[in-house]
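Before any comments, here is the structure.
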Amino acid sequence: MEKEIKVASPGRINLLGEHVDYNDGFVLPAAIDKCIYLSLKANGSNNRCTIKSRGFDSILVANLNALGQGTEGWHNYVLGVLSEISQISDNLKGFDCEIESKVPVGSGVSSSAALECGLAFGLNELFNLGLDKWQLIKLSQRAEHNFVGTKCGIMDQFASVMGKERHLMFLDCTSLGFKYIPVQIEPYRLLLINTNVSHNLATGEYNVRRKQCEDGLAIVHKKLGIEKSFRNVTMDMLDASKKLLGKTLYNRCSYVVEENARVLQAVEALNKNDLTQLGRLMYQTHEGLSTKYDVSCPELDFLVNFSKDENDVLGARMMGGGFGGCTINIIHNDKIDAFVRQLSVAYEEEFNIKLSYFQTVPSKGTSIMKME
Ligand code: GLA
């Protein structure tokens, strides 16, 4: 009988360090307790693959010898992974896969990385490809670059694969060195509040932001002769280059420099268990993302502003790529119900949209569930 495996691959949160993974920055993500589940088995064919998604109620049939762009959104994540694996291994063969997702799509918790990494992880196991975790992370990122077209950083794929229960990860996106940081926030909780909007700007604008930061960095590098990395850029340098940068690039770059500094402060705050300071930093990040990096939207701003009046919310900010999706909140356990009730009413009154929300805890990364 063909071997069958089941993989659980989680979405992710990010406490601080937004839009800096592709800007030589530091991030503080964790895998969450919501996963995409993939059942995989070899089907005896050399190159025929079928991938069935329960959520989308459709089947993708792929030929490993002729991998082209897909016709539905989720197809390209799958096809991209198959294409990237085919380029580094000759051992991939035909398989049948069934996918069931518990990770909300378009919510900023990276269901896409969960899918890519889960598939890569499962195929690695099924066909004994011998790829290590970093190879799986990087090929999943390349799938997104080359097939989906989003020039994403490494954070999402990293968090999905490397997640650990009750720990955040402090990742240096330049060296790829990382540390697990235990999270002790009782009686507070991590609450994700979903705007339930996902403005379709996301992919295009993401790549635009990335290009703007590259352009800004090139200008500072040329003017001041520094090494081309945001790690070497200070606010003084940006001020000295302000005219050349112009308003937009100055704003983008100053957000990056400030956010990188904030992550280091957040790590200090976590080490001291200073949740108040952590919350303050989250609000600052939101402000920067909204006014300087320009990736928020009225719905996200509304949620964050509302929480500022509630003392039991220590911090709140938009999370992920932006233009919709979730905010991440640190909130006192006793206040969650009352807060969400009030907020839902206000939000619906303002936008005529229903909120949804869920608590989460840092959880383990992509793993095999069952072997037969
Ligand atoms: C998306 C990308 C990540 C990261 C975040 C913003 O989730 O996939 O690489 O850039 O946006 O922090």
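The values are calculated or read from the model by the stated rules, or taken from the named source; none is laboratory data. Owing to the predicted nature of the structure, the values given are computational and were not obtained by experimental measurement. Note: ideal-geometry Cβ built from the backbone for every residue, glycine included; neighbour counts use all protein chains shown. Ligands, DNA and RNA are excluded from the accessible area calculation, which covers all protein heavy atoms including side chains. Shrake-Rupley method; radii C 1.70, N 1.55, O 1.52, S 1.80 Å.
Observations on the structure shown:
- Leading residue by the ranking (nearest to Q265 (Cα to Cα)) among those in the range 12-22 that are part of a strand (DSSP E or B) and near the ligand (Cβ under 10 Å from one of its atoms): N14
- Test: L115 is surrounded by 24 or more Cβ atoms within 10 Å (Cβ to Cβ), more than 12 Å from the ligand (Cβ to nearest atom) and of a type in the set (A, V, I, L, M): yes
- Scan of the range 148-161 for residues that are out of contact with any helix residue (DSSP H, G or I) (no Cβ under 7 Å at 6 or more places or on another chain) and more than 9 Å from the ligand (Cβ to nearest atom), ordered by number: A159
- V7 part of a strand (DSSP E or B) and open to solvent by less than 10 Å² (accessible area, probe 1.4 Å): yes
- Qualifying residues in the range 62-94 (those that are in a loop (DSSP other than H, G, I, E, B) and of a type in the set (D, E, K, R)) - the one nearest to L131 (Cα to Cα): D90
- N311 passes every criterion in (1) assigned to a helix (DSSP H, G or I); (2) surrounded by fewer than 18 Cβ atoms within 10 Å (Cβ to Cβ) apart from (1).
- The range 118-129, residues that are part of a helix (DSSP H, G or I), open to solvent by 10 Å² or more (accessible area, probe 1.4 Å) and touching a residue at least 40 places away in the same chain (Cβ under 8 Å): F121, E125, L126
- Any hit, the range 202-221, residues being open to solvent by 30 Å² or more (accessible area, probe 1.4 Å), in contact with a strand residue (DSSP E or B) (Cβ under 9 Å, 6 or more places away or on another chain) and of a type outside the set (S, T, Y): yes
- Among residues of the range 341-368 that are small (G, A, S), those with a beta-carbon under 9 Å from a residue that is open to solvent by 50 Å² or more (accessible area, probe 1.4 Å) and assigned to a loop (DSSP other than H, G, I, E, B) at least six positions away or on a different chain give the pairs S344/K354; S363/E165; S363/R166.
- Conditions (1) in contact with a helix residue (DSSP H, G or I) (Cβ under 6 Å, 6 or more places away or on another chain); (2) buried (at least 22 other Cβ atoms within 10 Å of the Cβ); (3) closer than 21 Å to M319 by Cα: number failed by V233: (3)
- Answer residue from the range 173-184, given it is outside any strand (DSSP E or B) and surrounded by 17 or more Cβ atoms within 10 Å (Cβ to Cβ) and is modelled with the lowest pLDDT among those: V183
- Residues in the range 23-57 that are out of contact with any helix residue (DSSP H, G or I) (no Cβ under 8 Å at 6 or more places or on another chain), within 16 Å of the ligand (Cβ to nearest atom) and open to solvent by 10 Å² or more (accessible area, probe 1.4 Å): K34 alone.
- Scanning the range 332-360 for residues that are under 23 Å from E116 (Cβ atoms) and either open to solvent by less than 20 Å² (accessible area, probe 1.4 Å) or touching an Asp or Glu at 6+ places or on another chain (Cβ under 8 Å) (or both) yields a total of 1.
- Any hit, the range 365-372, residues being in a helix (DSSP H, G or I), exposed (fewer than 12 other Cβ atoms within 10 Å of the Cβ) and more than 24 Å from the chain's Cα centre (by Cα): no
- Filter pass, V7 being within 16 Å of the ligand (Cβ to nearest atom) and either farther than 30 Å from L270 by Cα or out of contact with any His (no Cβ under 8 Å at 6 or more places or on another chain) (or both): no
- Verdict on R189 being surrounded by 16 or more Cβ atoms within 10 Å (Cβ to Cβ), in contact (Cβ under 8 Å) with a residue 12 or more places away in the chain and within 26 Å of N333 (Cα to Cα): yes
- Scanning the range 85-112 for residues that are crowded, with 19+ Cβ neighbours inside 10 Å, touching a residue at least 60 places away in the same chain (Cβ under 8 Å) and more than 16 Å from the ligand (Cβ to nearest atom) turns up I99, S101.
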